[in-house]
Amino acid sequence: MPVSDSVSRPDTDADGQRLPINELFASLQGEGKLAGVPSTFVRTSGCNLRCWFCDSYHTSWDPTHAWMALDEIVAEVETLAPTHVVVTGGEPLIHGETATLLSELADDYHLTVETNGTLETDAPVDLASISPKLASSTPTAENAPTDTDTSVWTERHESARIDLDSLASLVEHAEDFQLKFVVTGRDDMAEIESLVEDVRGVAKREIRDSDVLLMPEGQTQAALAHTRTAVAELAAEFGYRYTPRLHVDLWNDAPET
Ligand code: SF4
């Protein structure tokens, strides 16, 4: 079981202009301000965190991918109909080539970058979908999705999951942004309230309550059934926005949705 924040570079032709791609497909955006918008997803492999509930296990805990040249990726995107492109992961910003890919797509597509908020970028981004990871995301021996000893990741994840400077930079840089929290229950709310205030304190841009989205934890329809209503009610109570996981509601945990 690989336990690395990134993925091994290929031995040959490592010219820096390729990305490890886990999936590339067209579907509907399932989460956030653009939920329901037809979108092409470019899912890179590799992450610098290890949330126990990661819904893209094969980009983090067990990364699998094919190395694709950037022009191959652009050509594949061009064969698909959507004018919105979502660059996601894993954590796409761990790869320097992601910025190049975004620059190459920027003239022709609306670009969303889905990030855990621990890294900055100067690449063109229309919507920064920033998902800071709460304490409830930290893997432990009890909740980790693998039998492998994950103690190194318990500490590493916990120490790396929040970077206020990166959060502020992402909020300021993109045309639009959202702070999207995976919520397991009411116990997460104090940390969300505190973190939103902390980011407001350092970001030179207004963060409205409507830019803060609460998304229920759950990778399957059965799991979402336990969290969805409670998280929607928390959003209403705290004045934040609720976001569904439309792809789970529609297609459960099927790949390429
Ligand atoms: S930050 Fe995202 S991709 Fe990385 S482990 Fe957490 S949920 Fe998975």
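Using each residue's phi in the stretch 225-233, evaluate 6.51 cos²θ - 1.76 cosθ + 1.60 at θ = phi - 60° and report the 3J(HN,Hα) Karplus result to the nearest Hz, with x for Gly and Pro.
My calculation for the stretch 225-233 gives 4, 7, 10, 4, 5, 4, 6, 4, 5 Hz in order.
Suppose all protein chains stay in the model; what accessible area per residue would a 1.4 Å probe give for the chain, in Å²?
Accessible surface, normalised per residue, equals 43 Å².
If the cut-off is 13 Å between C-alpha atoms, which aspartates and glutamates fall inside it for K204, apart from same-chain ones fewer than 8 positions away?
Counting by Cα, and skipping residues close in sequence, K204 has these aspartates and glutamates nearby: D165, E172.
Rank by packing, highest mean first: peptides 222-232, 184-194, with packing defined as the count of other Cβ atoms within 10 Å averaged across residues.
Listed from highest to lowest mean packing, they are 222-232, 184-194.
So how do S159, S210, S166 rank on accessible area, 1.4 Å probe, biggest first, that is with the largest at the start?
Result of the area sort, largest leading: S159, S210, S166.
Got a sec to turn the phi values of the stretch 180-187 into Karplus ³J(HN,Hα) couplings, 6.51 cos²θ - 1.76 cosθ + 1.60 with θ = phi - 60°, whole Hz, x for Gly and Pro?
Values per residue, Gly and Pro as x: 10, 9, 7, 10, 8, x, 4, 4 Hz.
Identify all aspartates and glutamates with a Cα-Cα distance to K33 below 15 Å; exclude those on the same chain that are fewer than 8 residues away in sequence.
Cα-Cα hits under 15 Å: E114, D126, E175, D176, D209, D211.
Of the accessible area of the chain, with the probe set at 1.4 angstrom, what percent is carbon plus sulfur?
Accessible surface attributable to carbon and sulfur in the chain totals 48 percent.
Work out, in µm²/s and without decimals, the Stokes-Einstein translational diffusion coefficient of the stretch 49-94 at 25 °C, 0.890 mPa s, Rh from Kirkwood over C-alpha pairs.
Answer, rounded: 198 µm²/s.
Please work out the ratio of the alpha-carbon Rg of the chain to 2.2 N^0.38 Å and round it to two decimals.
0.96
The values are calculated or read from the model by the stated rules, or taken from the named source; none is laboratory data. Predicted model, so just to flag it, every value in this text is computed and none were measured. Positions of Cβ are backbone-derived with ideal geometry, glycine not excepted, and every protein chain shown enters the neighbour counts. Surface accessibility is based on the protein's heavy atoms, side chains included, excluding ligands, DNA and RNA. Shrake-Rupley method; radii C 1.70, N 1.55, O 1.52, S 1.80 Å.
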